[in-house]
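So the structure is just underneath, and the comments pick up after that.
Each reported figure results from applying straightforward, stated rules to the coordinates on display, with no laboratory input. Computed from a prediction, not measured in an experiment: that's the story for all the values here. Glycine also receives a Cβ, built like all others from the backbone with ideal geometry; neighbour counts cover every protein chain displayed.
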Amino acid sequence: MKHSLMSDNISKGDLNVLVDFLSQDPQPILTNNKKVRQFEEEWGSWLGMPNNLMVNSGSSANQITFLALRQMLPEGAEVIVPPITWVSDISAVLQNGFTPVFCDINPKTLAIDEDDLLDKITRKTKVVFLTHVLGYNGLTDKILKLCEDNDLILVEDVCESHGATFKGQKVGTFGEISNFSYYYAHHMTSIEGGMVSTTDPEIYQLCRMFRSHGMLREATDDAIKQEYINEYPDLNSDFIFTEAAYNFRSTEINAVLAHNQLKRLDGNNKRRNENHYTFINNLNSERFRTDLNHEGNSNYAFTPILNEPDFALRDKTEERLNKYGIEFRRGLSGGGSQIRQPYIEKYIKNFNIKINGIYRAPNPLDYPKADHCHHFGWYIGNYPDLEESKIKHITEILNED
Ligand SMILES: Cc1ncc(COP(=O)(O)O)c(C=O)c1O
């Protein structure tokens, strides 16, 4: 039996819509244009966020978010991040002059742990950047209250959790900003693509400019434009660069695909959810964690995690998965603990942070719950058309003695 990490999420119907779009006469504009705007509106209605900006990847959504926050927060401000996340979450923080402060995870949600979060908040903390890992809702009432009480901006990374909910409300609508990815393996795809969704009109205006090289003309707020034009009367108003930014734009092709994929998203999520419960209900709970918080989840991956740290069992499990052709990734999202990655060492001297009351560089062993997932957790593909018998077969292989 072969079971790959991803199945082709792009249907014949998607391709036909794309061909129809490209065959139009006159030929359509292919760079960021009407189709991108249309999809931004559709996404806003689906998610329930007022300001939505399509970009060319989830990493770009991360980067543009922190470029915008850089305009309003002091340099070196602390951003609380989990070790279990994607590299671009940490690079967006680092590359925009902020200090990432790692916070261990809650083994039930796989996201930031609320008690550790309380310990990590200092006078310098300005942002909590929470990742909803592989479809699990990562929010709790206490996290939301800590953000509110300490005046912290909540940024949600929802790249892996489209459609997950907390208390019935979609995640990605609780924070001031949320980031999404439409990468091929995710819940829905635009080949490559991403979205920044925000409640804050000022952040939206900044992101509009920063998506296109920092160009003022991309802002839709006349007051912002006039301010710069008055301050720089010698510049051509078509070419005022308000920030040393980049090109993060999507193409129309990605938006056409995303539009068609969005129609299937809720249905696909429902089927993936049913698969998830079949998986959990058949997994041996004496060996694997089956007690995660499943409420409101929207997984595109199965997440077997060993109960106990056991390297011999880990290696045996991987041998078996390989033998049966079941593709997997160790470490859950992003290859496990980011603190163990070589790039962190390069920056470590710049971010000595408060750990148990003492300022020092992060060490993966100070984050034992994340480190456990790094060594003893996996991700295996869960796609909408997976048959029940195949899911049971995967659990049999995992449960085997
Ligand atoms: C949690 C998380 N954030 C950000 C990203 C980056 O998204 P992209 O691959 O679209 O750049 C990913 C990537 O898969 C991710 O898993």
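Top mean-square fluctuation among Gly44, Gly377, Gly267, Gaussian network model of the chain, C-alpha springs under 10 Å?
For the chain, modelled as a Gaussian network with Cα springs under 10 Å, the answer is Gly267.
Where does the charge balance sit around Leu206 when Lys and Arg score +1, Asp and Glu -1, over other residues with C-beta under 12 Å from its C-beta?
Every neighbour counted, the sum reads -2.
Counting only residues 5 or more places away or on other chains, whose amide H sits under 5 Å from the amide H of Leu5 once H atoms are built in the peptide plane?
Under 5 Å from the amide H of Leu5 lie the amide H atoms of Glu327, each far enough along the sequence or on another chain.
Explain nothing, just compute: Karplus ³J(HN,Hα) = 6.51 cos²θ - 1.76 cosθ + 1.60, θ = phi - 60°, for every residue of the range 75-80 in order, whole Hz, x for Gly and Pro.
For the range 75-80, the Karplus-derived couplings read 4, x, 4, 8, 10, 7 Hz, x marking Gly and Pro.
State which stretch of the chain is the longest one without any exposed GluC sites (Glu not before Pro), exposure meaning a DSSP loop state and at most 15 other Cβ atoms within 10 Å.
Numbers: sites that count: Glu75, Glu286, Glu295, Glu327, Glu387, Glu400.
Result for the longest clean stretch: 76-285.
Extending each Cα 7 Å along its Cβ direction at Ser4 and Glu75, get the distance between those two points in nm, one decimal.
4.7 nm
For Leu130, what is the net charge nearby, where nearby means another residue's Cβ is under 10 Å from its Cβ and Lys, Arg count +1, Asp, Glu -1? Intermediate values should be presented prior to the final figure.
Numbers: positive: none; negative: Asp89, Glu156, Asp157.
Surrounding charge for Leu130 is -3.
Sorted from fewest to most neighbouring beta carbons within 10 Å, what does the list Phe311, Phe39, Phe66 look like? Could you put the intermediate results ahead of the total?
Numbers: Phe311 10, Phe39 27, Phe66 23.
Going from least to most buried by this count: Phe311, Phe66, Phe39.
Under the classification rounded if a/c is under 1.5, otherwise prolate if a/b is larger than b/c and oblate if not, where does the chain fall, given a ≥ b ≥ c as square roots of the Cα gyration tensor eigenvalues? Working shown, then result.
Numbers: a/c = 2.13, a/b = 1.24, b/c = 1.71.
Since a/c reaches 1.5 but b/c is at least a/b, the shape of the chain is classed as oblate.
For the pairs Lys323/Lys390; Lys170/Lys270; Lys145/Lys167; Lys124/Lys170; Lys108/Lys142, note any where the Cα-Cα span goes beyond 20 Å. The partial results should precede the final answer.
Working: Lys323/Lys390 16 Å; Lys170/Lys270 14 Å; Lys145/Lys167 15 Å; Lys124/Lys170 30 Å; Lys108/Lys142 15 Å.
Long pairs (Cα-Cα over 20 Å): Lys124/Lys170.
In whole Hz, what ³J(HN,Hα) sequence does the range 302-314 give by Karplus (6.51, -1.76, 1.60; θ = phi - 60°), x for Gly and Pro?
The phi angles translate into 8, 10, x, 10, 5, 5, 10, x, 8, 5, 5, 5, 4 Hz.
Given H placed 1.01 Å from N in the peptide plane, which residues other than close sequence neighbours of Ser337 have an amide H under 5 Å from its amide H?
His374
Which one, Leu398, Ala370, Thr109, is farthest towards the positive end of the dipole of the chain when Lys and Arg carry +1 and Asp and Glu -1 on their Cβ?
Leu398
5 Å is the cut-off here: which amide hydrogens, built 1.01 Å from N in the peptide plane, fall below it relative to Gly381, excluding neighbours closer than 5 in sequence?
Phe302
Using +1 at the C-beta of Lys and Arg and -1 at the C-beta of Asp and Glu, which of Gly138, Ser250, Asn281 has the Cα lying farthest in the positive direction of the dipole of the chain?
Farthest towards the positive pole: Asn281.
Springs between alpha-carbon pairs under 10 angstrom, Gaussian network model over the chain: which of His294, His187, His132 fluctuates most?
His294
To make sure I understand the rule: partners must be aspartates and glutamates, Cα under 17 Å from the Cα of Lys369, and not fewer than 8 residues away in the same chain. Which ones qualify?
Filter leaves Asp104, Asp113, Glu114, Asp115, Asp116, Asp119, Asp291, Glu308, Asp310.
Kindly work out what percent of the DSSP beta bridges joining two residues of the range 12-258 are antiparallel, to the nearest 5.
So the antiparallel bridges amount to about 50 percent of the total.
Order of Asp291, Asp116, Asp238, Asp157 from fewest to most other C-beta atoms within 10 Å?
Details: Asp291 11, Asp116 19, Asp238 8, Asp157 33.
Going from least to most buried by this count: Asp238, Asp291, Asp116, Asp157.
Per residue of the chain, what 222 nm ellipticity follows from adding -39500 (n - 2.57) for every DSSP H run with n ≥ 4, rounded to the nearest 500? Working shown, then result.
Working: 13 runs with 155 residues, N = 401.
Theoretical 222 nm ellipticity from helices: -12000 deg cm²/dmol.
Hey, fewest Cβ within 10 Å first, where do Cys147, Cys373, Cys159 land in order?
Working: Cys147 23, Cys373 26, Cys159 30.
If I rank by nearby Cβ atoms, fewest first, I get Cys147, Cys373, Cys159.
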